[in-house]
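J.: Input: one structure, supplied below.
The values are calculated or read from the model by the stated rules, or taken from the named source; none is laboratory data. Source: prediction; values computed, not measured. When we count neighbours, we look across all protein chains shown, and the Cβ atoms used for this are built from the backbone with ideal geometry, even at glycine. We work out accessible area using only protein heavy atoms, side chains counted, and drop any ligands, DNA or RNA first. Shrake-Rupley method; radii C 1.70, N 1.55, O 1.52, S 1.80 Å.
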Amino acid sequence: MVELSVIVPFFNVQSYAPDTLRSLRDNARADYEFILVDDCSTDATPEILERAEREIPGTVLIRHEKNGGLATARNTGLDAATGRYVTFLDGDDWLAPGYYRELVDAISTLGCDFLRTDHVQCTARARTLARVPHGRRGVVTDPRAAILPAERSTSVDYAYAWAGIYHRRLLDDGLLHFTDGLRTAEDRPWIWRLHREAASFAVVGLLGVFYRRGVASSLTQIGDVRQLDFLRAFDQVVEETARDRDADVLLPKAVRTYCAIISHHLTSGRFEPHVARTLRRKSAAALRRMPADVLDEALDSMDVQRATRLRRLRRRPVDSREVAAR
């Protein structure tokens with residue numbers, strides 16, 4: 001049986017793909033498979049991946065006929081995965097040599113459903129350690145218990161799919177697929193579902209993923225309408241959490257996080273003017289969709305500046321059809 005399936009989507013990353021692929025080669029083992037998904041790249045990425053398929057042991061190359069975005073590309077990889085464990089990597093990031101061996105050893109030893117890890121953020125020549133916001137290390141615990149408290153950053157706010165490893169039983173139970181077509185914030189409904197529905201998880205202080213920030217082609221750097229998919233993503237988080245058996249406890253965290261993300265985007269300054277107008281309109285509608293009492297509580301718990309900004313937006317006239325839309 002394949003021990004580990006690594007799913008790596010690529011889209012127009014010809015400048016970075018060689019580093020990514022070199023690091024996969026340095027992690028290759030006979031019982032690992034590397035599922036490379038070319039999401040209809042239009043630069044030299046396809047040729048780079050063809051060479052990798054020939055040269056890196058265990059490589060499987062899958063091509064999309066049209067671009068579907070990161071969530072859809074990851075789902076393609078999940079559908080092809082055969083490993084006992086599954087993990088992810090983005091096509092512009094890279095790994096330390098031997099990292100996957102340590103990662104598999106850690107989850108195998110702990111015996112949990114999923115494992116979360118720290119990572120290194122790389123901006124130009126700067127390196128910064130990013131830690132999972134969870135205090136207990138190397139201890140298996142209930143993922144639901146790690147969602148709260150609402151007013152602090154917790155494991156569900158550390159939504160990077162590639163910062164961890166996941167047992168195949170989660171894939172077989174339908175918990176690892178992403179919401180198809182989401183262009184950004186695709187990790188958010190995904191990580192919330194894992195924490196609500198998986199049976200066990202742990203956090204370990206294992207470093208080995210290097211996350212490249214500030215890539216010009218990344219959606220986080222592009223202020224176009226695709227960035228607004230965060231609204232769809234958080235609508236899903238709120239809707240699904242509202243149906244949870246512990247909704248009265250968990251929903252305040254989901255709503256407060258949604259509000260914080262809306263406020264962040266409103267003040268980011270990255271959007272083109274027409275997109276910024278759409279953001280304000282759609283954000284106002286999103287606030288109207290949230291449970292009013294939970295939203296009131298969330299706003300009361302936030303700092304004055306953010307709360308005032310969001311209350312003002314909440315009062316903005318909104319077409320009822322916009323409120324009903326998702």
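J.: Considering only protein heavy atoms, what is the solvent-accessible area of T128 at a probe of 1.4 Å, reported in Å² to the nearest 10?
T.: 80 Å²
J.: How much accessible area per residue does the chain have, in Å², with a 1.4 Å probe?
T.: Numbers: 14100 Å² over 326 residues.
For the chain, the solvent-accessible area averages 43 Å² per residue.
J.: Quick check: the distance between the Cα centres of the range 62-92 and the range 1-34, to the nearest angstrom?
T.: The two parts, judged by their Cα centres, are 11 Å apart.
J.: Would you work out the relative contact order for the chain, in percent, from Cα pairs under 8 angstrom that are 6 or more residues apart? Display every interim value, and only then the final one.
T.: Numbers: 594 pairs, mean separation 53.8, N = 326.
It rounds to 17 percent for the chain.
J.: Here is a further query. Compare the peptides 81-92, 98-109 by average per-residue count of other Cβ atoms within 10 angstrom and give them in order, highest first. Mind dumping the intermediate values first?
T.: Details: 81-92: 22.2, 98-109: 17.6.
Going by the mean number of other Cβ atoms within 10 Å, highest first, we get 81-92, 98-109.
J.: If r is the Cβ-Cβ distance from A292 to L148 and R0 is 25 Å, what FRET efficiency results, to the nearest 0.05?
T.: On the way: r = 21 Å, r/R0 = 0.86.
So the FRET efficiency works out to roughly 0.70.
J.: In nm, to one decimal, how far is the modelled label at D173 from the one at D319, with both set 7 Å along Cα→Cβ?
T.: The two pseudo-label positions are separated by 4.2 nm.
J.: Something else: With +1 on each Lys and Arg Cβ and -1 on each Asp and Glu Cβ, and nothing else charged, work out how big the dipole of the chain is about its Cα centre, in Debye to the nearest 20. Provide the component values of the computation, followed by the final result.
T.: Values: 48 positive and 46 negative charges, 280 e Å.
Value, rounded to 20: 1340 debye.
J.: With volume of the Cα convex hull per residue in Å³ in mind, check (1) 169; (2) 150; (3) 136 and report the label derived from this structure.
T.: Label (3) holds the value from this structure.
J.: For the pair T141/R22, report the inter-label distance in nm, with labels modelled 7 Å from Cα in the Cβ direction.
T.: 3.9 nm
J.: Indicate the gyration tensor shape class of the range 1-93 (rounded, prolate or oblate), computed on the Cα atoms with a ≥ b ≥ c the square roots of the eigenvalues: a/c under 1.5 is rounded; otherwise a/b larger than b/c is prolate and the rest oblate. Spell out each step's value before the answer.
T.: Details: a/c = 1.88, a/b = 1.26, b/c = 1.49.
Oblate, because a/c is 1.5 or more while a/b does not exceed b/c.
J.: Kindly provide the helix-only [θ] at 222 nm of the chain, computed as the sum of -39,500 (n - 2.57) over DSSP H runs of four or more divided by all residues, to the nearest 500 deg cm²/dmol? Please list the in-between numbers first.
T.: Details: 12 runs with 135 residues, N = 326.
My calculation for the chain gives -12500 deg cm²/dmol from helical runs alone.
J.: Report the antiparallel proportion of the DSSP beta bridges in the chain as a percent, rounded to a multiple of 5. Provide the component values of the computation, followed by the final result.
T.: Values: 13 of 36 bridges.
Percent antiparallel among DSSP bridges in the chain is about 35.
J.: Continuing with the same structure: Rg/Rh for the range 185-317: what does it come to with C-alpha atoms and Rh from Kirkwood? Present the calculation step by step, with values, prior to reporting the outcome.
T.: Working: Rg = 16.2 Å, Rh = 16.3 Å.
We get a ratio of 0.99 for the range 185-317.
J.: Work out how much length H264 to A307 would gain on full extension: take 0.36 nm times their residue separation and subtract the Cα-Cα distance, in nm to one decimal.
T.: 14.3 nm
J.: Could the peptides 10-17, 28-35 be put in order, highest first, of the mean number of other beta-carbon atoms found within 10 Å of their residues? Let's see the in-between values first.
T.: Working: 10-17: 20.9, 28-35: 17.5.
Result, highest mean first: 10-17, 28-35.
J.: A further question on this structure: Of the DSSP beta bridges with both residues in the range 1-160, give the percent that are antiparallel, rounding to the nearest 5. Numbers along the way, then the final one.
T.: Numbers: 5 of 21 bridges.
In the range 1-160, approximately 25 percent of DSSP beta bridges are antiparallel ones.
J.: While we're here: Under the Karplus relation 6.51 cos²θ - 1.76 cosθ + 1.60, θ = phi - 60°, what is the ordered set of whole-Hz ³J(HN,Hα) values for the range 307-320, x standing for Gly and Pro?
T.: 4, 5, 4, 6, 5, 4, 5, 4, 7, 5, x, 9, 5, 4
J.: Something else about it: Top mean-square fluctuation among D157, D39, D248, Gaussian network model of the chain, C-alpha springs under 10 Å?
T.: The residue with the greatest mean-square fluctuation here is D248.
J.: If you wrap a convex hull around the C-alpha atoms of the range 39-123 and split its volume per residue, what is the figure in Å³?
T.: On the way: hull volume 11.8 nm³, N = 85.
Cα convex hull per residue, to the nearest whole number: 139 Å³.
J.: Full extension from K66 to A124: what is 0.36 nm times the residue separation minus their Cα-Cα distance, to one decimal in nm?
T.: Details: separation 58, 0.36 × 58 = 20.88 nm, distance 3.12 nm.
Between K66 and A124, full extension yields an extra 17.8 nm.
J.: To continue, here is another question. Just the ratio, please: alpha-carbon radius of gyration of the range 70-185 over 2.2 N^0.38 Å, N its number of residues.
T.: Values: Rg = 14.8 Å, N = 116, 2.2 N^0.38 = 13.4 Å.
For the range 70-185, the normalised Cα radius of gyration comes out at 1.10.
J.: Then there is this: Pick from K253, K282, K66 the residue whose mean-square fluctuation is largest in a GNM of the chain, springs joining Cα atoms under 10 Å.
T.: Between K253, K282, K66, it is K66 that shows the largest mean-square fluctuation.
J.: So between R131 and A199, what do we pick up on full extension, going 0.36 nm a residue minus the alpha carbon distance?
T.: Numbers: separation 68, 0.36 × 68 = 24.48 nm, distance 2.25 nm.
Length difference between fully extended and current span is 22.2 nm.
J.: GNM on the chain, C-alpha springs below 10 Å: top fluctuator among D26, D113, D293?
T.: D293
J.: R0 = 56 Å: FRET efficiency of D105 with A276, Cβ-based, nearest 0.05? Don't skip to the answer; put the middle values down first.
T.: Numbers: r = 47 Å, r/R0 = 0.85.
That gives a FRET efficiency of 0.75.
J.: Let me ask something additional. Angle between the Cα long axis of helix 273-289 and the longest principal axis of the chain, 0 to 90 degrees, nearest 10?
T.: For 273-289 against the chain, the angle is about 70 degrees.
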